[in-house]
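The values are calculated or read from the model by the stated rules, or taken from the named source; none is laboratory data. Since this is a predicted model, take the numbers as computed values, not measurements. Every residue, glycine among them, receives a Cβ derived from its backbone with ideal geometry; neighbour counts consider all protein chains shown.
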Amino acid sequence: MSRIISIIGAGAGHAGLLTEQVTQIIKTADEVYANGKIAGTLITLRDTWRVVPFSDMKELAIESKRQHIVLLLEGDSLFFEKGEQLYNELKAYADVRCYAGVSSVQYLCAKTNQSYDDIYWLEYGSEDLLAAISYNKKVAVLLSGENIPDHICRMLCDAGLNNIRVTVGSKVATGRERIVQDEAKHLRDYEFANPSVIIIENPNFNDKTKTVFDSELKLCENALTQEVRWSAANLMRIQPTDKIINIGAGSGEMAVELARMAYKGSVIAIEEDAGEFEMLKQNKEHLGLYNIAALYGNALEMLEHNVDIIPDAVFVGDNVRGIKRILQSLKHKNDKIRVVIAAHNLERLSEAQAALASLRFAAVEVSQFTISRAKTLGSHTMMLSDKPMFLLCGGKELMNENIDTKKDE
């Protein structure tokens, strides 16, 4: 008879919330591996436990000679792909079976009379929390260790989300359970014990697939038109989790476009003109795009003095000075960075081309855009042209994509 490995989700970690089937499996298995917290809360179910970190479970299960082994995980058995990873890695060694538990989020929703079918489940630290809040009606986060709910509430308030509704459950399904619902500004100074789960509600969440039109924004005089923005964003090959810098962000018209495409990532928008910076903040707040960090000041100084800024892609606005030094600093941080530069005249185009060439950016391409719009003059409709705009793009990943395409052909 083949060995059996049962991957069980312990849910909130309370024995009373386990199904009878799962309880019997835990009691009768030859060996049970669990982390310290789960083993502690379910200790009455059996006499012998092997308390191990999650990272060691796979190897110990493979090496064990026992017939039936249980791997006891927090929450749902396949939550955050951890259980799925175990399943895929262990199925070559045994008959692997998965059993779901009642997760802390499901438990908290039931206790507070709210649905969980519209919740976006987030593993804290795996993606930008403010991005998740911007594009989802509800976001649930499981917290442990130093990641405490009051810290999250302070971060929400710092981002301008003082009035957003938050539900916090700490030590749920235990004798020390505490559940609180209130606005973030009222919970920022509360003290909560871990483990805990937090649900953040944003009724004004964004549709990440929605296109941003000029009519929705406050635009400065030299703002990029919507057609140029749409093309520039696509040239940058934005991935959902990308970290992006928009240098010379102006009124933020490019930043809001990039923020929607990087809906699991973040955009740092830097502008040193006070008037345009104010419009940038207003556009960000008006659209509710909280994965944009608006910074006022000199971009080169920020890049050179902040080692934590390591972007995947950058858009350089038309009014930015010192392109070469900026690109040099960016490439030093990430030699695979993808770059798009805007230029409204031939002198600016030449400067940008020279900078990309001297810094050995691969696959440099140049596009020219001239947008014509209809305007009624008397009894006639005329097509009137805006000023032309050049877009230059380059980067190692673009080169690799081009090579792969040629191979396929």
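Each row is one residue, and each column tells you yes or no for (1) in contact with a Phe, Trp or Tyr (Cβ under 7 Å, 6 or more places away or on another chain); (2) modelled with pLDDT of 90 or more.
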residue: Val105; (1), (2): yes, no
residue: Tyr120; (1), (2): no, yes
residue: Glu123; (1), (2): yes, no
residue: Ala131; (1), (2): yes, yes
residue: Asn136; (1), (2): yes, yes
(request) All but one of (1) among the aliphatic types (A, V, I, L, M); (2) under 24 Å from Met155 (Cα atoms); (3) crowded, with 22+ Cβ neighbours inside 10 Å hold for Val316, so report the exception by its number. (result) (2)
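Okay, residues lined up against (1) surrounded by 15 or more Cβ atoms within 10 Å (Cβ to Cβ); (2) modelled with pLDDT of 90 or more:
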site	(1), (2)
Arg3	yes, yes
His14	yes, no
Ile25	yes, yes
Asp47	no, no
Ile69	yes, yes
Leu73	yes, no
Phe80	yes, no
Leu86	yes, no
(message) Is it the case, given these coordinates, that Ser196 is in contact with a Gly (Cβ under 7 Å, 6 or more places away or on another chain), surrounded by 17 or more Cβ atoms within 10 Å (Cβ to Cβ) and at pLDDT below 95?
(response) yes
(request) Output the number of residues of the stretch 175-188 satisfying the condition of being modelled with pLDDT of 85 or more and either in a helix (DSSP H, G or I) or not acidic (Asp, Glu) (or both). (result) 9
(message) Cβ-Cβ under 9 Å, sequence separation 6+ or interchain: first residue in the stretch 39-65 and free of Cβ contacts under 8 Å to residues at least 60 places away in the same chain and of a type in the set (Lys, Arg), partner assigned to a helix (DSSP H, G or I) and crowded, with 17+ Cβ neighbours inside 10 Å. Which pairs?
(response) Arg46/Ile26; Arg50/Ala39; Lys58/Leu86; Lys58/Leu90
(message) Can you confirm whether Val172 is modelled with pLDDT of 90 or more and either assigned to a strand (DSSP E or B) or not assigned by TED's automatic domain parsing to the domain that holds Gly11 (or both)?
(response) no
(message) Give me the residue from the stretch 148-169 that is in contact (Cβ under 8 Å) with a residue 40 or more places away in the chain and outside any helix (DSSP H, G or I) and, out of that set, nearest to Glu123 (Cα to Cα).
(response) Ile148
(message) Report every pair of residues separated by at least 6 positions or lying on different chains whose Cβ atoms are under 6 Å apart, first residue within the stretch 110-129 and closer than 18 Å to Val166 by Cβ and assigned by TED's automatic domain parsing to the domain that holds Ser144, second of a type in the set (S, T, N, Q) and not in a loop (DSSP other than H, G, I, E, B).
(response) Thr112/Thr167; Tyr116/Gln106; Asp128/Ser266
(request) Exactly one condition in (1) surrounded by fewer than 15 Cβ atoms within 10 Å (Cβ to Cβ); (2) modelled with pLDDT of 90 or more; (3) not assigned by TED's automatic domain parsing to the domain that holds Asp386 is not met by Glu191; state its number. (result) (2)
(request) Determine the pairs where a residue that is exposed (fewer than 14 other Cβ atoms within 10 Å of the Cβ), located within the stretch 336-347, has a partner that is not in a loop (DSSP other than H, G, I, E, B) with Cβ atoms under 9 Å apart, the partner being 6 or more residues away or on another chain. (result) Asn345/Phe390; Leu346/Phe390
(message) Which condition from (1) touching a residue at least 12 places away in the same chain (Cβ under 8 Å); (2) of a type in the set (Val, Ile, Thr); (3) within 20 Å of Pro195 (Cβ to Cβ) is the one that Ile25 breaks?
(response) (3)
(message) All but one of (1) touching a helix residue (DSSP H, G or I) at 6+ places or on another chain (Cβ under 7 Å); (2) in a helix (DSSP H, G or I); (3) among the hydrophobic types (A, V, I, L, M, F, W, C) hold for Ile198; state the number of the condition that does not hold.
(response) (2)
(message) Quick check on this structure: which one of Leu384, Leu391, Leu398, Leu359 is closer than 21 Å to Trp230 by Cα, at pLDDT 90 or above and either surrounded by fewer than 14 Cβ atoms within 10 Å (Cβ to Cβ) or in contact with a helix residue (DSSP H, G or I) (Cβ under 9 Å, 6 or more places away or on another chain) (or both)?
(response) Leu391
